[in-house]
Amino acid sequence: MALMTRPAPTVGFDLDMTLIDSRPGIRACYLALSERTGTHVDADLAVTRLGPPLEQELAHWFPAERLVETAGLYRSLYPEYAIAATPALAGARDAVAAVRRAGGRAIVVTAKYEPNAKLHLEHLGIEPDAVVGDLWAEQKAVALREHGAEIYVGDHFGDIRGARAAGAHALAVATGPYTAGELRAAGADTVLADLTGFPAWLTAYREGSTAPRA
């Protein structure tokens, strides 16, 4: 009997350490922020904790009453220091393109400030159907449900929680702070080493077969 192929899904993607390696750019931006404010920020440490909202990281270095002001300054510095320094991760462009080639929609849902997220994607030639910023962990479910996302792809435990909250298939890539084993233990439905395996996985998913885990 012929396999029944599922309709092309809407797929959500996280941005930092899923589609892009934002560590070099964010490091440069934190160094510029330190110079501008006169406050030490350990940029090398900060880039090991990517994922949560900016204000959570800034709270390690700045008092609460300066967080709003400092976050605004960081975001204003970001286009100059972070965009050109940030490469796409392996397979990122093709992963997004694979969804669209199949007739589905690809959206980016990220905790990053939305205008800066869009600058990254434009600079790297990654073309999703929609970009939604300023959402973290379970908050991402709002955008995922709004866009009817069936799958959400991310690198962080927060991304898995967001997918779960939206009732989406949680696909994790081990390109961020966690190993494949840690991502499985956190509840990911599928774990891939990186996005290079995503197009083949998507084909297998639509055909109803079980894609191997990395």
Breaking point among (1) out of contact with any helix residue (DSSP H, G or I) (no Cβ under 6 Å at 6 or more places or on another chain); (2) more than 23 Å from G197 (Cα to Cα), for V132:
(1)
From the option list A97, A111, single residue qualifying as within 25 Å of E150 (Cβ to Cβ), in a helix (DSSP H, G or I) and small (G, A, S) is A97
Residues satisfying the stated conditions in segment 15-44, i.e. outside any loop (DSSP other than H, G, I, E, B) and either more than 16 Å from A82 (Cα to Cα) or of a type in the set (K, R) (or both):
R23, R27, R36, T37
Could you name every one of the strands (runs of 3 or more DSSP E) located completely within segment 117-197 that has at least 3 residues being within 15 Å of the chain's Cα centre (by Cα) and aliphatic (A, V, I, L, M)?
130-132, 149-154, 169-173
Restricting to segment 49-83, name every residue that is among the small types (G, A, S) and either open to solvent by 40 Å² or more (accessible area, probe 1.4 Å) or free of Cβ contacts under 8 Å to residues at least 24 places away in the same chain (or both).
A59, A64, A71, G72, S76
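Quick grid of which residues meet (1) closer than 28 Å to A174 by Cβ; (2) at pLDDT below 95; (3) open to solvent by less than 10 Å² (accessible area, probe 1.4 Å):
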site: M1; (1), (2), (3): no, yes, no
site: P7; (1), (2), (3): no, yes, no
site: T10; (1), (2), (3): yes, no, no
site: F13; (1), (2), (3): yes, no, yes
site: D16; (1), (2), (3): yes, no, no
site: S22; (1), (2), (3): yes, no, yes
site: G25; (1), (2), (3): yes, no, yes
site: A28; (1), (2), (3): yes, no, no
site: L33; (1), (2), (3): no, no, yes
Whichever residue in segment 138-159 is of a type in the set (D, E) and closer than 18 Å to T190 by Cα and, among such residues, is most open to solvent (accessible area, probe 1.4 Å)
E150
Would you pick out the residues in segment 32-48 that are of a type outside the set (S, T, Y) and without any contact (Cβ under 8 Å) to a residue 40 or more places away in the chain?
E35, G38, H40, V41, D42, A43, D44, L45, A46, V47
Enumerate the pairs (first residue in segment 188-214 and farther than 9 Å from L171 by Cβ and open to solvent by 30 Å² or more (accessible area, probe 1.4 Å); second residue anywhere and β-branched (V, I, T) and at pLDDT 95 or above) with beta-carbon separation below 7 Å, excluding pairs fewer than 6 apart on the same chain, so at least 6 apart or on different chains.
D194/V173; D194/T175; R213/T190; R213/V191; A214/V191
Count, please, the residues in segment 45-81 that happen to be among the small types (G, A, S), closer than 16 Å to A111 by Cα and part of a helix (DSSP H, G or I).
3
For residues that are among the β-branched types (V, I, T), more than 15 Å from A95 (Cβ to Cβ) and touching a strand residue (DSSP E or B) at 6+ places or on another chain (Cβ under 7 Å), tally how many sit in segment 132-165.
2
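The values are calculated or read from the model by the stated rules, or taken from the named source; none is laboratory data. Computed from a predicted structure; not experimentally measured. As a convention, Cβ positions derive from the backbone with ideal geometry for all residues, glycine included, and neighbour counts pool all protein chains shown. Heads up: the accessible areas ignore ligands, DNA and RNA and are worked out on the full protein's heavy atoms, side chains in. Shrake-Rupley method; radii C 1.70, N 1.55, O 1.52, S 1.80 Å.
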